[in-house]
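Report on the following structure.
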Amino acid sequence: MSEQKKLFIRTYGCQMNVYDSERMSEALGADGYVQTDTPDDADMILLNTCHIREKAAEKVYSELGRFKGLKADKPDLKIGVAGCVAQAEGEEIMRRQPLVDLVVGPQTYHRLPQMMEQVAKGEKALDTDFPEEDKFEHLPVRHGAQKAKRNPSAFLTVQEGCDKFCAFCVVPYTRGAEVSRPADRILREARDLVERGVREITLLGQNVNAYHGAGEGGDWSLARLIWALNDVDGLERIRFTTSHPNDMSDDLIEAHGTCEKLMPYLHLPVQSGSDKILKRMNRSHTAEKYLRLIERIRAARPDILLSGDFIVGFPEEDDQDFEDTMSLIREVNYGQAYSFKYSTRPGTPAAERALVDDAIATDRLHRLQALLTEQQRAIQHGMVGKEVGVLFEKQGRLEGQMVGKSDHLHAVHVAAPNGKPGDLARVRIVDSSTNSLAGELVA
């Protein structure tokens, strides 16, 4: 029997990249690879990259440079770059780092086994196409093996790409146009995940609530897909991310109030509270429209925890624009949020615009983050004394302690000597710290 080949994958960026890394591992697993936790003993190193953050490509080149010594010691070591930086940079990666054997975009990683055959012959392999075939149909079927090793929570990609073309964003160029997977294939994969011990599934998409996959009777909305998943035995929790305000449909809002397994958490980025800046961002919604949407969502599910994204220092943002954003944050009251100082993404419409002074942008970011932190901590403190459901994911650092996620996606530490990953327990919150809650089992 031949010795197993070892694969090391380093994943950057969003949850979709985490999902993609799992699927790439499965695709290469069919070719005899098993995953390892260190690059030092790997036969194949794969960097699954993200292009959202500033200087993303340069960070990838820097990381590749660290593997030069390893490649020199192990000439048969194969190195690949996948994901959005691979899509954006293409052949430039191989030109700047000749040690790279393989470059594959996020829409073509189902071809990895064929590309590895090419690499085994001593050739370079490059594929950054946007193919017409469904990559998911060419990946290995996910079966119920390795049940005990699975995290009870899993990601499941249902939609990819974006047609919104926000002025700051590279996603339409690296992930392509919006495409939705057929409903029956998603349901099949969800059932397979449940067989592997998964009890919570987060549906993923660049604009997940724009989902319009083919299903019985015509295209399904995300709400209809969620209702179908609600009927999957053994699946206890459903979440989805990331959403666009313009695609928050009536049936999806209603589902938040009526679908038992849909959790009371929603990530709904607004980016700015200034109508002037929203227009310059090409967001296609106003601050007022967003606020009225939040009202409707909270009317459907009063206990929902809201999360958002914010960009400060976008070109042409002045003091009043920033104060409009702060005002919106105060009105919404976010339980969680991600905030960034604007940085240029080459090839995007905003890239040619004059930047806000860096010191001003930095000061605004600090003030905005202070407000968001204040809101987050107040909401967490408000959970003390309440009962929540907690899905245990792993053992804690203390003896007899379990760590899991609440209905609202808070990390919760619970004294549960008999608990195990995958248990779903009722917990009373007894304390709140900076980034987590502490709870006790409800008898």
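The values are calculated or read from the model by the stated rules, or taken from the named source; none is laboratory data. Treat the numbers as computed from the prediction; the structure is a model and nothing was measured. Cβ coordinates were reconstructed from backbone atoms using ideal geometry, including for glycine residues, and neighbour counts include every protein chain displayed. Accessible surface areas use protein heavy atoms only, side chains included; no ligands, DNA or RNA. Shrake-Rupley method; radii C 1.70, N 1.55, O 1.52, S 1.80 Å.
Just checking, which of Ala361, Ala354, Ala370 is aliphatic (A, V, I, L, M), free of Cβ contacts under 8 Å to residues at least 60 places away in the same chain and not in a helix (DSSP H, G or I)?
So the residue among Ala361, Ala354, Ala370 that is aliphatic (A, V, I, L, M), free of Cβ contacts under 8 Å to residues at least 60 places away in the same chain and not in a helix (DSSP H, G or I) is Ala354.
Search the stretch 1-21 for residues being assigned to a helix (DSSP H, G or I) and aliphatic (A, V, I, L, M), and hand back the single one that is modelled with the lowest pLDDT.
If we take residues in the stretch 1-21 being assigned to a helix (DSSP H, G or I) and aliphatic (A, V, I, L, M), then Met16 is modelled with the lowest pLDDT.
Being within 26 Å of Ser249 (Cβ to Cβ) and open to solvent by 10 Å² or more (accessible area, probe 1.4 Å) is the filter here, so list the residues in the stretch 190-199 that pass it.
Passing the criteria: only Arg191.
Within the set of pairs 6 or more residues apart or between chains, which connect a residue that is polar (S, T, N, Q) inside the stretch 207-224 to a residue that is assigned to a loop (DSSP other than H, G, I, E, B) and open to solvent by less than 10 Å² (accessible area, probe 1.4 Å) with Cβ atoms less than 6 Å apart?
Once the first residue is polar (S, T, N, Q) and sits in the stretch 207-224, its partners that are assigned to a loop (DSSP other than H, G, I, E, B) and open to solvent by less than 10 Å² (accessible area, probe 1.4 Å) give Asn207/His244; Asn209/Ser243.
Taking the conditions exactly as written (closer than 30 Å to Arg280 by Cβ, among the charged types (D, E, K, R) and in contact with a Pro (Cβ under 7 Å, 6 or more places away or on another chain)), does Arg199 satisfy them or not?
Against the criterion (closer than 30 Å to Arg280 by Cβ, among the charged types (D, E, K, R) and in contact with a Pro (Cβ under 7 Å, 6 or more places away or on another chain)), Arg199 does not qualify.
Pick out, from the stretch 22-129, the strands (runs of 3 or more DSSP E) lying fully within it that include 1 or more residues that are within 29 Å of Asn151 (Cα to Cα) and either within 20 Å of the chain's Cα centre (by Cα) or not aliphatic (A, V, I, L, M) (or both).
33-35, 44-49, 78-83, 102-104
Quick one: which of Glu236, Glu288 is charged (D, E, K, R) and buried (at least 18 other Cβ atoms within 10 Å of the Cβ)?
Glu236
What pairs come out if I take residues in the stretch 231-251 that are more than 13 Å from Pro269 (Cβ to Cβ) and of a type in the set (A, V, I, L, M) and pair them with residues that are open to solvent by 40 Å² or more (accessible area, probe 1.4 Å) and modelled with pLDDT of 95 or more whose C-beta lies under 9 Å away, six or more apart or interchain?
Going by the 9 Å Cβ cut-off, the qualifying pairs are Val232/Arg191; Leu235/Arg191; Leu235/Arg199.
Among the numbered conditions (1) surrounded by fewer than 17 Cβ atoms within 10 Å (Cβ to Cβ); (2) under 26 Å from the mean Cα position of the chain (by Cα), tell me where Gly400 comes up short.
Evaluating Gly400 over (1) surrounded by fewer than 17 Cβ atoms within 10 Å (Cβ to Cβ); (2) under 26 Å from the mean Cα position of the chain (by Cα) leaves (2) as the failure.
Within the stretch 276-285, identify whether any single residue is open to solvent by less than 20 Å² (accessible area, probe 1.4 Å), farther than 22 Å from Arg367 by Cβ and without any contact (Cβ under 8 Å) to a residue 60 or more places away in the chain, and answer yes or no.
The answer is yes; a qualifying residue exists.
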